[in-house]
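Engineer: Please read through the structure below; I'll follow up with questions.
The values are calculated or read from the model by the stated rules, or taken from the named source; none is laboratory data. Fair warning: this is a prediction, and the values are worked out from it, not measured in the lab. Cβ placement follows ideal geometry from the backbone for every residue including glycine, while neighbour counts extend to all protein chains displayed. Note: accessible area is taken over every heavy atom of the protein model, side chains too, but ligands, DNA and RNA are not part of it. Shrake-Rupley method; radii C 1.70, N 1.55, O 1.52, S 1.80 Å.
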Amino acid sequence: MATRRYTLKSNLPAKVNWRIDYAAQLNDEQRAVVEAGGGQLLVIAGAGSGKTRTLTYRVARLIESGVRPEEILLLTFTNRAAREMVGRVRELVGEALGADLRRLWGGTFHHVAHLTLREHASELGYGDRYGILDREDAGDLMKACVAELGFHDLPRRFPKSDLLVRLVSMAVNTQSSLPDLLAEKHPHFASLSDEVIAAAARYAERKAALNVMDFDDLLLNWKLLLAERPAILAAQGGRFRHVLVDEYQDTNRLQGDIVELISSVHGNLMVVGDDAQSIYAFRGAHFANIIGFPERHPECQVFHLTENYRSTPQILGLANASIEMNVKQFPKELHATRGDGALPALVPSRDVFEQAAFVAQRLLELRDEGMELKDLAVLYRAHHHSLELQVELSRRGIPFVVRSGLRFFEQAHIKDVLCHLRFLANPRDELAFKRVIRLSRGVGGATAERLWQWMLGRESERASPLDAFLRKEALAEVPARAQASVASLQTLLRELRRPSLQAAPGEMIRAILDQGGYGEYLRETFLNGDGRIEDIEQLADFAGAYENVDAFLDEVGLLTELEAEDVVDGADPDEHLTLSTIHKAKGLEWRGVFVIWLADGRFPVSAAYRDPDGLEEERRLFYVATTRAKDELYLCYPITHTQRDHERVVMKASPFIEELPEGEGAPYEKWSLEADDALPPLPSGSTPPLLES
C-alpha cells in the first residue's frame, strides 16, 4: 500500500519539569516506552505485564511534554478501554495542567471513523446526515436484495441474509474478494459465486440509494478518504501528531491500512500488542500487521514488556517453554515478580466423564481451601468441550456462568435437534413440532399453525399428531414451494421412529444431522456452521451413553431444571464458576484455571495441521490459556473416548503437552486418578475418585 511520508517533526522535549515521578510509578521496561521519543514504536507487551498502565502513562507523558490532547489519537478495541485510559490520564495530569481531555480522540476504529465521516462523507457522495445500519437492519436489507433478485427460488438453498452480510463483512475487513473467500471458507457455496456477488452488489447499491452505511462501510470509507483524498489525509494526519494503537495484534488488514495511512503524515506511531496472543485469525485478524511491523518500518524502535505481575514463576515457566516452539514470533521470556507457587498439574483421566468428575471435585476442594468460585475458571478450545462438565456441575449443584455463550443445552442449534426427539417422544408437543417444521424451507409461523391445527383435527381418526403429519395429504396444507422440504422431514421422522434408532439416541441425532440435512442447513445459515455441527456431534457422543431416547430426554430435562444452590448455601449468592472458550477469556485472569480436553485433534484442532501458521496460532491459544492463571493451573485430557461406532479409542495428549521438557526439567507434575476401569460415569451424589499427586 502506497503512503505519503513527511519529515518527522516532533520528539518529546529533553527537559521538562515533570509532575509525575515516572521512575517511581513504572518499571524500567515500561519507563523506556513511556519516555521514548517520536517515530515508530513497536511495544511487545507480554501477558500480565502492565500494558494498559504503560499506554496510560505514555499519553500522560505526551501531554506533560506539551502535546495538546486533540493532537493525540488513541485507537482501542472497546470504547470502555479508551474511557478508562482517558480517566486515568485525567487523574494523573488533567487537572494539574488544565488539559481538556475531552478533546482527545479516543475509542474504537469504528467510533473514530464515524467522527471523521461526519465531516467528510460528502466527499464520497453521501448526504450530510447519513444513517448507520446495525446488524439486524443490514440483514433485513440484504434479505430484500435477495428477494428482488429472485434467488430464494433457486433449485438449491441460497445462503441466509445474515450469513451473506457476514461474508461481505469478512471480505471487506480482510480486503479479499468474495469469490476467493467463498472458495477458501465456504466451498459449498462455490457454485453460487455469481449469485452471491450479485447480491452483494445490489446490497451496496441499496445502501447508497438509502444514504446509509453499515459498520464495515465506516472503516472502508475512512480508508478511501485517506487513500484517495490527499487533502483529507494531510489535514487529519496533521491534526494527530501522535497515533497510539492498543491490541495491535488483533487488527485486521483494513484497520492496519488505516493505521499506516493516518500516521504517514508525521511518522509518530506507537503500536502495542503481543504477537504471542494473536488468536483471532478466524474473524479476520491479520498476524502480518504486528509480525511484519519492523520490516515495514526499518527505523522503528522495538520494546519488550516482560515483567509479569499476574502468575507464579512455575506457571510462566510452562508458558515460556510452550511458546518458545513457535517460529514466527518476537522471542521473549516472561519473568515473574511474584514468589514461588505450585507446579502446574497435568491430569490425564480415563474418559471425559472422569475428567468432568475430577474438575468438579477439585473445584470444591479449592473452595474449601479458601478460594471462591469466582476466582476459578475452566477453559476449553471449543464450546462443545464443556458438555460433560456442564452436566457434572449441574448434578453436583455447583453454580456456573458461561462466558462463551449460552449454556450448552440453551443454544438454538442444540434445541433444534432436541425438538426433533421431543416431538417423536411426545407427539402432542406443539412447541417442539413448530420449531422443527419452521426449519423447512418456505414454512413460516402461519403455515406451522395451520398445519398443527390440521394435525389435531385428525385425532378423531385415532391418529396422533405425528401420525397425521406423516400422511401424504399433510403436504396439501403447506405452500407448494415448501412441499419438497416438508416431504424430506416426513421421511426423516419415519426413519427416526424405527425401534432400533429409538434405542440409540446418539444415532438419532446423527441421522438428523446427516440424513435430515440439518448439517447442510447450518452451513448455509451460519458463518460458524462447522462449529455448530461439532457441537451436535458432541451431543450425539453424549447421548450414546443412554439406553433409549426417553432416558436421554429425561436426563436433559432434569439438567435444565436443576438449581445450583448447595455449594453457595450461606455464601455470596452471586458466587459462581466461570466456563469459557479460551478466545473469550483473553484479557482476563483467575487464581485457579483448568484447561480441559488437551487431546490431539481437539486442542489443537485437526484442521490446524493443514498449515504451520494454523498450528502456531493454536499454540498461541494454549499460551493465552496458561497465562490466565495466577496461582494454580491444571491441564486435563481424557485418555480414551467412545466414537460413534461405540469403539473406545485411545487419545494422545496434545502436542503442546508432549513437546514440553520431560523428567526433572518438566514444568509440571503429573497427577494420576484412582478409578476402577469397570465403573460407569459418576452418578449424581456419588463419591468422586481420589487424587494421587
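Engineer: Surrounded by fewer than 18 Cβ atoms within 10 Å (Cβ to Cβ), farther than 18 Å from GLY529 by Cα and either among the aromatic types (Phe, Trp, Tyr) or modelled with pLDDT under 85 (or both) - does that describe any residue in the stretch 155-166?
Structural biologist: Yes, the stretch 155-166 contains at least one residue that is surrounded by fewer than 18 Cβ atoms within 10 Å (Cβ to Cβ), farther than 18 Å from GLY529 by Cα and either among the aromatic types (Phe, Trp, Tyr) or modelled with pLDDT under 85 (or both).
Engineer: Starting from residues that are open to solvent by less than 10 Å² (accessible area, probe 1.4 Å) and polar (S, T, N, Q), keep the ones in the stretch 623-662 and report whichever is nearest to GLY587 (Cα to Cα).
Structural biologist: Result: THR627.
Engineer: So, one more: Can you report the number of residues in the stretch 123-152 which are open to solvent by less than 70 Å² (accessible area, probe 1.4 Å) and in a helix (DSSP H, G or I)?
Structural biologist: Qualifying residue count, the stretch 123-152: 12.
Engineer: Moving to a separate point now. Restrict the check to the stretch 408-420 and report whether at least one residue is basic (Lys, Arg) and over 21 Å from ALA432 (Cβ atoms).
Structural biologist: Scanning the stretch 408-420 turns up no residue that is basic (Lys, Arg) and over 21 Å from ALA432 (Cβ atoms).
Engineer: Could you check GLU29 against (1) open to solvent by 10 Å² or more (accessible area, probe 1.4 Å); (2) without any contact (Cβ under 8 Å) to a residue 60 or more places away in the chain and say which number it fails?
Structural biologist: Checking GLU29 against (1) open to solvent by 10 Å² or more (accessible area, probe 1.4 Å); (2) without any contact (Cβ under 8 Å) to a residue 60 or more places away in the chain, the one that fails is (2).
Engineer: Sticking with this structure for a sec: Can you tell me which of PHE552, PHE526 is among the hydrophobic types (A, V, I, L, M, F, W, C), at pLDDT below 90 and buried (at least 21 other Cβ atoms within 10 Å of the Cβ)?
Structural biologist: Only one candidate passes the filter, namely PHE552.
Engineer: Just one of ALA234, ALA276 is open to solvent by 10 Å² or more (accessible area, probe 1.4 Å), among the hydrophobic types (A, V, I, L, M, F, W, C) and either in a helix (DSSP H, G or I) or farther than 27 Å from ASP137 by Cβ (or both); which is it?
Structural biologist: Of ALA234, ALA276, the one residue that is open to solvent by 10 Å² or more (accessible area, probe 1.4 Å), among the hydrophobic types (A, V, I, L, M, F, W, C) and either in a helix (DSSP H, G or I) or farther than 27 Å from ASP137 by Cβ (or both) is ALA234.
Engineer: When you scan the stretch 289-323, how many residues do you find that are touching a helix residue (DSSP H, G or I) at 6+ places or on another chain (Cβ under 8 Å) and not aromatic (Phe, Trp, Tyr)?
Structural biologist: 17
Engineer: How about the stretch 244-273: which of its residues are open to solvent by 10 Å² or more (accessible area, probe 1.4 Å) and in a helix (DSSP H, G or I)?
Structural biologist: ASP250, ARG253, GLN255, ASP257, GLU260
Engineer: Looking at the stretch 345-359, which of its residues are surrounded by fewer than 24 Cβ atoms within 10 Å (Cβ to Cβ) and in a helix (DSSP H, G or I)?
Structural biologist: PHE353
Engineer: Follow-up. For the stretch 426-458, enumerate the residues that are within 15 Å of ALA476 (Cα to Cα), more than 36 Å from the chain's Cα centre (by Cα) and either of a type in the set (Lys, Arg) or outside any helix (DSSP H, G or I) (or both).
Structural biologist: Across the stretch 426-458, the qualifying residues are ARG450, ARG458.
Engineer: Which residue is most open to solvent (accessible area, probe 1.4 Å), if the candidates are limited to the stretch 588-622 and must be within 12 Å of ALA382 (Cα to Cα) and of a type in the set (A, V, I, L, M, F, W, C)?
Structural biologist: VAL605
Engineer: I've got another one for you. Can you tell which of ALA190, ALA209, ALA200 is open to solvent by 70 Å² or more (accessible area, probe 1.4 Å) and not polar (S, T, N, Q)?
Structural biologist: So the residue among ALA190, ALA209, ALA200 that is open to solvent by 70 Å² or more (accessible area, probe 1.4 Å) and not polar (S, T, N, Q) is ALA209.
Engineer: Of the residues ALA463, ALA476, only one is within 22 Å of GLU430 (Cα to Cα), open to solvent by less than 40 Å² (accessible area, probe 1.4 Å) and over 39 Å from the mean Cα position of the chain (by Cα); which?
Structural biologist: None of the others qualify; the one that does is ALA463.
Engineer: I'd like to verify a number: residues in the stretch 663-679 that are modelled with pLDDT of 85 or more and either surrounded by fewer than 10 Cβ atoms within 10 Å (Cβ to Cβ) or not in a strand (DSSP E or B) (or both), how many?
Structural biologist: So the answer is 7.
Engineer: Out of ILE315, ILE291, ILE323, which single residue is modelled with pLDDT of 95 or more, of a type in the set (Val, Ile, Thr), within 23 Å of the chain's Cα centre (by Cα) and crowded, with 16+ Cβ neighbours inside 10 Å?
Structural biologist: Answer to the check: ILE323.
Engineer: Which one of these is closer than 26 Å to SER122 by Cα, free of Cβ contacts under 8 Å to residues at least 40 places away in the same chain and crowded, with 21+ Cβ neighbours inside 10 Å: LEU226, LEU182, LEU219?
Structural biologist: LEU226
Engineer: Touching a Phe, Trp or Tyr at 6+ places or on another chain (Cβ under 9 Å), under 23 Å from VAL259 (Cα atoms) and in contact (Cβ under 8 Å) with a residue 40 or more places away in the chain, is that true of ILE44?
Structural biologist: Judged against the criteria, ILE44 is a match.
Engineer: Show me the strands (runs of 3 or more DSSP E) entirely contained within the stretch 11-110 in which 2 or more residues are at pLDDT below 90 and either of a type outside the set (A, V, I, L, M) or touching a His at 6+ places or on another chain (Cβ under 6 Å) (or both).
Structural biologist: 105-108
Engineer: Test of understanding: among ALA468, ALA480, which residue is small (Gly, Ala, Ser) and without any contact (Cβ under 8 Å) to a residue 12 or more places away in the chain?
Structural biologist: ALA480 is the lone residue from the list that is small (Gly, Ala, Ser) and without any contact (Cβ under 8 Å) to a residue 12 or more places away in the chain.
Engineer: Right, here's the next one. Go through the stretch 35-54 and report how many residues are within 10 Å of GLN301 (Cβ to Cβ), open to solvent by less than 10 Å² (accessible area, probe 1.4 Å) and of a type in the set (S, T, N, Q).
Structural biologist: 0
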